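Here the structure is laid out as C-alpha cells; the discussion comes afterwards.
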Amino acid sequence: MELVSGETIDELLQAQTHIWNHTFHIIKSMSLRYALQLGIPDVINSHGKPMTLSELVAALPVHPTKTHHLYRLMRLLVHLGFFAMQKVADNHFQEGYLLTPVSLLLLQDNPSISRPFVALVLDPILIETNNCMSTWFQNDDPNPFVTVFGEPIWEHASHEASVNHLINRTMASDSFLIGRAVLVKCKGVFQGLNSLVDVAGGTGNMAKAIVDAFPDLKCTVLDLPHVVADLQGSKNLNFLGGDMFKAVPPADAILLKWTLHDWRDEECVKILKNCKEALVTRNDKQGGKVIIIDMVVGDQDDDDKFTETKLLFDIEGMSCLVGKQRNEKEWANLFFSAGFSKYKINPVLGPRALIEVYP
C-alpha cells in the first residue's frame, strides 16, 4: 500500500503537524523562561495599563535592534495564554499587552508565584537529566539523575545549596497556593483536630496557612534537618528536624502534601505505617487520619488538560525520583498494605486530589 496518496495526504500532513508541535514543545517552555529572565510579567504589571511593544522594549533590558524579535516572542506567549492584547485607550489603532490569570502567578511579588517551579524544571541540572533518559533505560540506575550525578537528588541537594534553594522555593510557593485552595475547597477536613504533623512540610507555608485558619490547632512541620535548620516557629507552629522513614511525631492527623509520589511503593508503605503509628486516639474514641494531597491518574472526571499534566509530571518524576504518579488502585494498595481500613478521594484541587485515609 502506498503511504502517500491522494486519499491519505491530508491525514499525513496532520500527522506531520502533530509531530512538529510536540517536537517544538520545548520552545514553549524556553519562551516562558525567556519572559521570566527578561522580567516581562513584572514590567507589564508595573505599567498599570495595556503596554505597547515600544513601551515594553524601552522598559526591558532589550537592545532596540531586537524590537521585532521581542514582538515574535510576545506573539507566541499571547497565543499560549501568558499575555493578552487590548486596544490602547488613547490610540485605538494600537494594541498593548496585558497580564492574564496565568501570568499573575508569574509575578515576583506574588507569594504563590510559579516562577520557582519554572526555574527548577528548566534548570540545566534537570534538562541534563532528561537528556540522559535513553541512556538510563539501558542501565540499572534508579533514575537518570543518578546516572548523571552519581547520587539521588535529595543527597545532591543536601550539599549543593543552589539546588536545595530551588527545591525549597518551589515547594514553598506551591504550598502557599495549594494551602489556600485546600482551605477554600475542603476546610472541613481540619475541623475538630487538636494537632497536625505536616510530614516533609519544607519551609512551612502549607502549615502556616492551616494554623492561620485554625489558631487553636497545634502544628509541627517535620522535614530533614538541613531543610528546617534556620526556620522559626510560632505559638502554634514548630519545626522539627527528623526522618519520616524512622518516626513521625504523634498527632490527630498527619499531612502528606506532594510527598508519596517521590518514593517507591515499599518506601511509601513504610512512611504510611509510621504515620499510622503516630495517629493518636481522640476523645471521640476514633483514631485520627492521614491527609494526602497528590495526583490520582485515570480519574474519570479528568479533562484532557489534567490528564496530560499528570502524565507529564509522571515522566518528569521518572527523570529524578524513584516514585510515580499513581491511579486509584495503586493508591488503595498502599493504604491497605500499610494497615489502613478505608480512604476517600476528593478530586477538587485541579490535577491533584485530597485523600483522607483512616486506620
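The values are calculated or read from the model by the stated rules, or taken from the named source; none is laboratory data. Values in this document were obtained by computation on a predicted structure and should not be read as measured data. For neighbour counting, all protein chains shown are included, and Cβ atoms are generated from backbone atoms with ideal geometry for every residue, glycine included.
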Practice prompt. Give V227, V197 a once-over and let me know the one that is in the same structural domain as H156 (by TED's automatic domain parsing), modelled with pLDDT of 95 or more and either over 26 Å from P142 (Cα atoms) or not in a loop (DSSP other than H, G, I, E, B) (or both).
Written response: V197
Practice prompt. Please work out which one of (1) more than 30 Å from I178 (Cβ to Cβ); (2) touching a helix residue (DSSP H, G or I) at 6+ places or on another chain (Cβ under 7 Å); (3) surrounded by fewer than 18 Cβ atoms within 10 Å (Cβ to Cβ); (4) not aromatic (F, W, Y) is the condition M133 fails and give its number.
Written response: (1)
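Looking at segment 57-67, can you tell me whether even one residue there is under 28 Å from K208 (Cβ atoms), in contact (Cβ under 8 Å) with a residue 12 or more places away in the chain and either touching a helix residue (DSSP H, G or I) at 6+ places or on another chain (Cβ under 6 Å) or not basic (K, R) (or both)?
no
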Worksheet item: Out of curiosity, is S173 in a helix (DSSP H, G or I), touching a residue at least 24 places away in the same chain (Cβ under 8 Å) and more than 20 Å from W263 (Cβ to Cβ)?
Response: yes
Discussion item. Tell me whether segment 74-95 contains one or more residues that are charged (D, E, K, R), under 27 Å from L122 (Cα atoms) and not assigned by TED's automatic domain parsing to the domain that holds D123.
Written reply: yes
Discussion item. A35 - would you say it is surrounded by 15 or more Cβ atoms within 10 Å (Cβ to Cβ), within 26 Å of F24 (Cβ to Cβ) and in contact with a helix residue (DSSP H, G or I) (Cβ under 8 Å, 6 or more places away or on another chain)?
Written reply: yes
Discussion item. Could you check segment 121-144 and list, in sequence order, the residues that are over 15 Å from D314 (Cα atoms) and within 19 Å of the chain's Cα centre (by Cα)?
Written reply: L122, D123, P124, I125, I127
Worksheet item: Within segment 68-109, how many residues turn out to be touching a Leu at 6+ places or on another chain (Cβ under 7 Å) and of a type in the set (S, T, Y)?
Response: 2
Worksheet entry | Failed item, numbered, when I210 is tested on (1) within 21 Å of S173 (Cα to Cα); (2) of a type in the set (A, V, I, L, M); (3) in a loop (DSSP other than H, G, I, E, B) | (3)
Discussion item. Against the definition (assigned to a strand (DSSP E or B), assigned by TED's automatic domain parsing to the domain that holds E128 and either of a type in the set (A, V, I, L, M) or closer than 17 Å to V269 by Cα (or both)), how does I315 come out, yes or no?
Written reply: no
Item to complete: Return yes when I293 is part of a strand (DSSP E or B), among the β-branched types (V, I, T) and over 30 Å from N131 (Cα atoms) and no when it is not.
Response: no
Discussion item. On the basis of being part of a loop (DSSP other than H, G, I, E, B) and touching a Lys or Arg at 6+ places or on another chain (Cβ under 7 Å), does G339 make the cut?
Written reply: yes
Worksheet item: For T307, all conditions in the list (1) surrounded by fewer than 18 Cβ atoms within 10 Å (Cβ to Cβ); (2) touching a residue at least 60 places away in the same chain (Cβ under 8 Å); (3) of a type in the set (S, T, N, Q) hold save one; what is the number of the exception?
Response: (2)
Fill in: Answer residue from segment 107-136, given it is assigned to a loop (DSSP other than H, G, I, E, B) and under 12 Å from D174 (Cα atoms) and is modelled with the highest pLDDT among those
S114
